[in-house]
Structures are given as C-alpha cells and as structure tokens.
Amino acid sequence: MSHNHIRPWRNIYRRKSRQIHVGNVPVGGDAPISVQTMTNTLTHDVKATIEQVQACAEAGADIVRISCPDEASTKALKEIVAESPVPIVADIHFHYKRGIEAAEAGAACLRINPGNIGSPERVREVISAARDHGCSMRIGVNAGSLEKHLLEKYAEPCPEAMIESGLDHMRILQDNDFHEFKISVKASDVFLAAAAYQGLAEATDAPIHLGITEAGGLTSGTIKSAIGLGNLLWMGIGDTIRVSLSADPVEEVKVGYEILKSLGLRHRGINIISCPSCARQGFDVIKTVATLEDRLAHIKTPMSLSIIGCVVNGPGEALMTDVGFTGGGAGHGMVYLAGKQDHRLDNDSMVDHIVDLVEKKAEELEAAQQQAAE
C-alpha cells in the first residue's frame, strides 16, 4: 500500500540516465530497475543451463548472464538463447572472438571491457558485430582486476582508479560511435564500491549496473548487498542490479527483489510482514511464515500480507496490508481484509485458509489490472 503521495520522505528521486535496451528489457531512463543474475552451470551443458535460466526467470529475473569462456560455450549459447524466456548477456573477458560469436549466437548484450581485448581493430570488429546483431554492451570494471597502469598510478584499487578505468573503456566505445552500453564499477568492499558508483554517477549519464562483487554466502552476502546496493539505490543511483551470492542464482533474484521492494522501487509477489515472535505469540509465527513463503512463491501479483503473533502490533500492521492474521488466544486469531477485521480463524486451519485468501485476492487484482489496461 503506497502513501508516497502524502509522505515525501518516502520518495526516492532517481538519477537521470539515458536509456538502452538489453533485448526487450529497457535499462535506464524511466524504466523499472531490472533484476539480473548469472548462471553457474557449465555453459556447454545446454540442458542444465536452460533449466537454470528458466528457474531464474520464473523467480523474476529480467535478464540472465552466462559466461562464455570458450568456443564450446558460444556454440551452446545459440540453443540456450532460443529457449530462454529472458534476454541473455554473454560474459566475455579477454577474447574478442568470443564476443563476435556471442553476438552472432543471439546474445542481447555483451559484458566486455573493450580496453582488454586487444588492438583497436579487434575492438572495432566486436563493436561491428554488436551493432549488426542488435547487442548492447556492459562495461564491467572490477576492483580486483584493474589495469596495471592504473594500479601503478594510484598504488591500490580506489574509487578514482575505478572511475578512470570505466571512463577509459567508455571512451573507446564512444569514439566508435557506439552508445548502447551500461557500466558497473564493482568491488567486494562496500565503501569502495559505493564511493566509486557515486563518482561514476556524477561523471556520466550512462545507465548504471549495480553490484557488490563476491559478496559472500547467502546470509553474509545478502547483508552486504543490502547495505551497499540499498544505500546507492536510496540515493537514486542504479538502473539494473545483480546480487552476487555464493548460492543458487534463484536466491540472488529473490534477494534483489527484496532489496527493491524494501525501498518501494519494484513490487512483485507477496511482501510478508511478520513479527520475530516472542512469548506472547498465539501460534508458531516462524514456522507459519516459512510455510506461507513456500506456498505463496508462485504469486507474482504485488500484494502485502501481515502475520503477527499477538494483538500488540497485529491490528496496526493489518491496517496497512491486503490480508492480515493476528494471533489471539484459545487457539484462534483474527483475519483482516483490506485493513479491517473480517472473521475469526482457528490456528489449525490458518495456513490453507490464508493461502486461499491470498490467491483469490491476487486473481481479483490481476483482473482489475487487465481491465484497466483494456
């Protein structure tokens, strides 16, 4: 439930960037902030890679990146692209031929640093292939792989070195009259990444791809990404994001959406508001929420659901959600619909009943959206 129109302190004013396209997904300008992830299967294992791409897309990924380190990978890419429901970014690092092959195979975007692939002629060949096949590009600066001359100049990875690297790579594309690119300046250090991104945002109007690289495992990486990406997004910086976790790529997508949802920047699926539980709880909150998250994972319509263990905060939270359940005593609680008390419900049947209510509400909202679109 949005109250931005009367609460200006909730508004985020996004940096103005020019818009490019990754396949059919607009990035930058007034487009929604897109969520990306990256496969971790062997690319030449076509079946496994397609299955992972489809799982990520089902979780909400707008764009999926695939590493193409060798010719076998770019050959497999054509078949993968044909089966993918979302645009594919081909991750190319040093070999210019992989970039040309990926463009020919149908990649929507090439992740490539033009300054790292050799002579100006090789750069022109890759740019020509990208232009001929409707590919955009992402310049991906990383604190861990800065150019030698920049490390000698600045002595260590620092925001200034990362920004200079990014601008140098951008200039190569611009000198070749290629402007369909976005840029990232990633680091595993939150302070370094944030400072680099802030400087980059002031130096260019190119769309910005946000990420904290090598963030860590599911818990630690989620926290680090939420702090780093969350602060930048709060400042209005960022047009597309990728959460880097040592975990299933589907988890990266989920975390990405949760970060955007917490800032009111994207809305997809169920936003569950729940208490941490205490001795006052009238039912097992933790178990119930875990079950509901699993049972409602298929819902894509933006909705809010409050699951609160007792009447201290329950009614107040329910006022702000589409569906709510507040624990009471004697084995039952109160169901709220659109913020109002509606009916009592036994704890034993609450999960099935809440799932039914949410699914019904989602259908109503989808029907209303379709009617409005017509």
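Beta carbons closer than 7 Å, at least 6 apart along the sequence or on distinct chains, pair a first residue in region 226-245 that is surrounded by 18 or more Cβ atoms within 10 Å (Cβ to Cβ) with a second that is among the aromatic types (Phe, Trp, Tyr) for 232/197; 237/197.
One residue stands out in region 275-295 among those that are among the hydroxyl-bearing types (Ser, Thr, Tyr) and modelled with pLDDT of 95 or more: the one that is surrounded by the fewest Cβ atoms within 10 Å (Cβ to Cβ), namely 291. Checked against (1) under 19 Å from residue 63 (Cβ atoms); (2) open to solvent by less than 10 Å² (accessible area, probe 1.4 Å), residue 150 meets all criteria but (1). Among the listed residues 330, 318, which satisfies the condition of being among the aliphatic types (A, V, I, L, M), without any contact (Cβ under 8 Å) to a residue 60 or more places away in the chain and more than 25 Å from residue 258 (Cβ to Cβ)? Only one candidate passes the filter, namely 330.
Taking region 24-49 as the range and being in a helix (DSSP H, G or I) and open to solvent by 20 Å² or more (accessible area, probe 1.4 Å) as the test, the residues that pass are 46, 47, 48.
So that you can scan it fast, the table gives a plain yes or no per residue for (1) modelled with pLDDT of 95 or more; (2) under 20 Å from residue 209 (Cβ atoms); (3) open to solvent by 10 Å² or more (accessible area, probe 1.4 Å); (4) not acidic (Asp, Glu):
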{"residue": "86", "(1), (2), (3), (4)": "yes, yes, yes, yes"}
{"residue": "95", "(1), (2), (3), (4)": "no, no, yes, yes"}
{"residue": "101", "(1), (2), (3), (4)": "yes, no, yes, no"}
{"residue": "112", "(1), (2), (3), (4)": "no, yes, no, yes"}
{"residue": "119", "(1), (2), (3), (4)": "no, no, yes, yes"}
{"residue": "126", "(1), (2), (3), (4)": "yes, yes, no, yes"}
{"residue": "130", "(1), (2), (3), (4)": "yes, yes, no, yes"}
{"residue": "142", "(1), (2), (3), (4)": "no, yes, yes, yes"}
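Every condition in (1) open to solvent by 10 Å² or more (accessible area, probe 1.4 Å); (2) assigned to a loop (DSSP other than H, G, I, E, B) is met by residue 107 except one, and the failing one is (1).
So that you can scan it fast, the table gives a plain yes or no per residue for (1) in contact with a strand residue (DSSP E or B) (Cβ under 6 Å, 6 or more places away or on another chain); (2) more than 27 Å from residue 25 (Cβ to Cβ); (3) in a loop (DSSP other than H, G, I, E, B):
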residue	(1), (2), (3)
97	no, no, no
102	yes, no, no
129	no, no, no
141	yes, no, no
150	no, yes, no
161	no, yes, no
173	yes, no, no
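With the structure loaded, tell me whether residue 286 is farther than 28 Å from residue 54 by Cα, in contact (Cβ under 8 Å) with a residue 60 or more places away in the chain and in a helix (DSSP H, G or I) or whether it fails that test. The answer is no for residue 286. The numbered conditions (1) modelled with pLDDT of 95 or more; (2) under 15 Å from the mean Cα position of the chain (by Cα) are all true for residue 215 except (1). In summary, residue 268 fulfils each of the numbered conditions (1) within 25 Å of residue 40 (Cα to Cα); (2) in a helix (DSSP H, G or I) with the single exception of condition (2).
Assessment of region 113-122 against the conditions (of a type in the set (A, V, I, L, M, F, W, C), in contact (Cβ under 8 Å) with a residue 40 or more places away in the chain and either in contact with a Cys (Cβ under 6 Å, 6 or more places away or on another chain) or under 18 Å from residue 67 (Cβ atoms) (or both)) yields no matching residue.
Residue count for region 297-333, restricted to those that are modelled with pLDDT under 95 and either open to solvent by 60 Å² or more (accessible area, probe 1.4 Å) or hydrophobic (A, V, I, L, M, F, W, C) (or both): 14.
The values are calculated or read from the model by the stated rules, or taken from the named source; none is laboratory data. Because the structure is a prediction, the values reported are computed rather than measured. All Cβ positions, even for glycine, are placed from backbone atoms using ideal geometry, and neighbour counts span all protein chains on display. For the accessible areas, the whole protein counts, side chains as well, though only heavy atoms, and no ligand, DNA or RNA atoms are used. Shrake-Rupley method; radii C 1.70, N 1.55, O 1.52, S 1.80 Å.
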